[in-house]
Amino acid sequence: MSFYSIQKTRQTSTISFLFNLFSISESSYHSLATQQTPFVHSFSPSPTTYCYTSLLQSCIDSKALNPGKQLHAQLCHLGIAYNEDLATKLVHLYAVSNSLPNARNLFDKIPKRNLFLWNVLIRGYAWNRPHDTAVSLYHTMLDYGLKPDNFTLPFVLKACSALSAIGEGRSIHELEGLMHEAGYAPDTGSVFHDVEEDEKTSMVCSHSERLAIAFGLISTSPGTRLLITKNLRICEDCHVAIKFISKITEREITVRDVNRYHHFKHGMCSCGDHW
């Protein structure tokens, strides 16, 4: 698809233009698609919501912030900027373009917020900053009655990891202190990187299941059973650590790794330390 053919279809009909626009939006020519944003509003009949959605997706894929802002202005003029699909695309664009104030400003004005929309904004703050905003958004999302999915929690854990010195992240270090007092000593045998011992200790203590458990402990009421899913085999150090955690916190913790379920309770595991 050439720029010349795009120009020709602009002079014929909206339908032909949209057909070609869809073709380039679905291909790798996202920058060419975003170049059409200044002309979209001039068609008669007016372009469909689907047209704007395709253009916004091209802006997202190419992180084309300025064309996206032009589209946003057009959508505001048309009075459809808060359409659920279009608003979600706009927030996504601002988030991936690291324009988080714009993303949040629009997000707060959207009357109906779906889970994908929450995930987009939480991810934006988790990968950039302020990280505590990602955690705050997560709690607000729960208050709205939405349940996190497999995409939500990794974003929140990323934010918690970045907050290891303050706020919720500090709970990880407090938990480690209690574990050491109870007799836990990290086993760094599973770390094969050529780094100092302190760094090896930090690496094993930052395994995903440990972060997930720490987050579960601070975000649920005392006594709540935790269920953690891991797509790899749990390492020996984490297995020992979780036994300590279950005893210290008096929680039942179930970890599903690639091989089996591990039910931790009162400092013991159902696998009998054989897995």
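Diagonalising the gyration tensor over the Cα atoms of segment 164-275 and scaling each eigenvalue by 5 before taking the square root yields semi-axes of 20, 18, 13 Å, largest first. For the residue pairs LYS69/LYS158; LYS147/LYS243; LYS63/LYS89, alpha carbon separations beyond 20 Å are given by LYS69/LYS158; LYS147/LYS243. Couplings 3J(HN,Hα) for segment 122-130, derived from phi with the Karplus relation 6.51 cos²θ - 1.76 cosθ + 1.60 (θ = phi - 60°), are 4, 4, x, 6, 5, 8, 10, 5, x Hz, where x marks Gly and Pro.
Would you mind calculating the gained length between MET268 and ASN128 on full extension (0.36 nm times residue separation, minus the Cα-Cα distance), in nm to one decimal? Show your work: numbers first, answer last.
Values: separation 140, 0.36 × 140 = 50.40 nm, distance 3.89 nm.
Additional length available on full extension: 46.5 nm.
Partners of LYS200 within straight-line reach, counting aspartates and glutamates whose Cα lies under 13 Å from its Cα and excluding those fewer than 8 residues away in the same chain: ASP187, ASP237.
All of the numbers you see were taken from the coordinates with simple rules; none came from a lab. Every value quoted in this text rests on a predicted model; they were computed, and no experiment measured them.
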